[in-house]
Structures are given as C-alpha cells and as structure tokens.
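Written below as structure tokens is the structure these notes are about.
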C-alpha cells in the first residue's frame, strides 16, 4: 500500500471556453499540479505538489462532475490539504482544467489503467 492516503473526489471540469480542456482526457489516470488556497494568488510557485487523479469512468466534460480518487504523487506531500470538504484547482501546465472537491478517505485501490 502506498504511503499517500487516497480520497474520493468530485471533479468539476473547467469549460473549454474558460480555458479548460476542449476534449476530455483519454486516460483514467492523470498526474498534474494542484493549486491550494494556501498557495495564495502567486501560482505557480517553486513549491508545487502533483496530485494523482484516478477517474472511475471516462469523463464527459459537459455531463456534470466526474467521480474518482485523489492522492499526492509523493508520500511527503502536505496531506492536511487533502481533507474531506476541501477543494483545489487542478492544472495542466498553467491552464486550470478542473476544480476538485475532496471526499472521504478510502482504502487504496490499485488498478491497471
């Protein structure tokens, strides 16, 4: 079992017209930087944390939130930032692609994706 706790997540995709993705991701497993409220308005900074997002099903960008699980890529991530009820922005480079709402902690689920 990995050292990084895993949490349920609701993923609210940013509309393509607002700078988000124009096509849904082709993979169910994504790894991108996260921007948390604690990071302040200056972002990206020198201390970014990558979050792994594992989607439950292929997403559609216009059908409401996607469900999945999130965890930090590295076990020394700031785990207090991934707590139920918290939200963070998910980026691909400097482009915000989603807002993620963190749910309850779940048992680690290894999947072949």
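The values are calculated or read from the model by the stated rules, or taken from the named source; none is laboratory data. It should be emphasised that the depicted structure is a prediction, and the values quoted were computed from it without experimental measurement. All Cβ positions, even for glycine, are placed from backbone atoms using ideal geometry, and neighbour counts span all protein chains on display.
Scanning for something surrounded by 14 or more Cβ atoms within 10 Å (Cβ to Cβ), on the phi < 0 side of the Ramachandran plot, part of a strand (DSSP E or B) and modelled with pLDDT of 95 or more, does the range 54-63 turn up at least one residue?
yes
Just name the residue that is modelled with the lowest pLDDT out of those in the range 3-21 that are within 24 Å of residue 85 (Cβ to Cβ), part of a loop (DSSP other than H, G, I, E, B) and touching a strand residue (DSSP E or B) at 6+ places or on another chain (Cβ under 7 Å).
So, considering only residues that are within 24 Å of residue 85 (Cβ to Cβ), part of a loop (DSSP other than H, G, I, E, B) and touching a strand residue (DSSP E or B) at 6+ places or on another chain (Cβ under 7 Å), the one modelled with the lowest pLDDT is 4.
Would you point out which residue out of 68, 85 is in a loop (DSSP other than H, G, I, E, B) and out of contact with any helix residue (DSSP H, G or I) (no Cβ under 8 Å at 6 or more places or on another chain)?
Answer to the selection: 85.
Quick one: in the range 22-37, which of the residues that are under 14 Å from the mean Cα position of the chain (by Cα) and part of a loop (DSSP other than H, G, I, E, B) is nearest to residue 53 (Cα to Cα)?
28
Filter the range 73-82 for residues that are surrounded by 12 or more Cβ atoms within 10 Å (Cβ to Cβ) and under 13 Å from residue 105 (Cβ atoms); which is farthest from the chain's Cα centre (by Cα)?
Filtering first and then ranking leaves 79.
Kindly list the number of the only condition in (1) surrounded by 14 or more Cβ atoms within 10 Å (Cβ to Cβ); (2) assigned to a loop (DSSP other than H, G, I, E, B) that fails for residue 44.
In the conditions (1) surrounded by 14 or more Cβ atoms within 10 Å (Cβ to Cβ); (2) assigned to a loop (DSSP other than H, G, I, E, B), residue 44 misses (1) alone.
Mind checking which residues of the range 3-22 are over 14 Å from residue 98 (Cβ atoms) and loosely packed, with under 13 Cβ neighbours inside 10 Å?
Passing the criteria: 3, 17.
So, residue 39, is that one out of contact with any helix residue (DSSP H, G or I) (no Cβ under 7 Å at 6 or more places or on another chain) and surrounded by fewer than 16 Cβ atoms within 10 Å (Cβ to Cβ) or not?
So residue 39 fails the test.
At pLDDT below 90 and surrounded by 12 or more Cβ atoms within 10 Å (Cβ to Cβ): is that true of residue 49 in this structure?
Answer is no for this residue.
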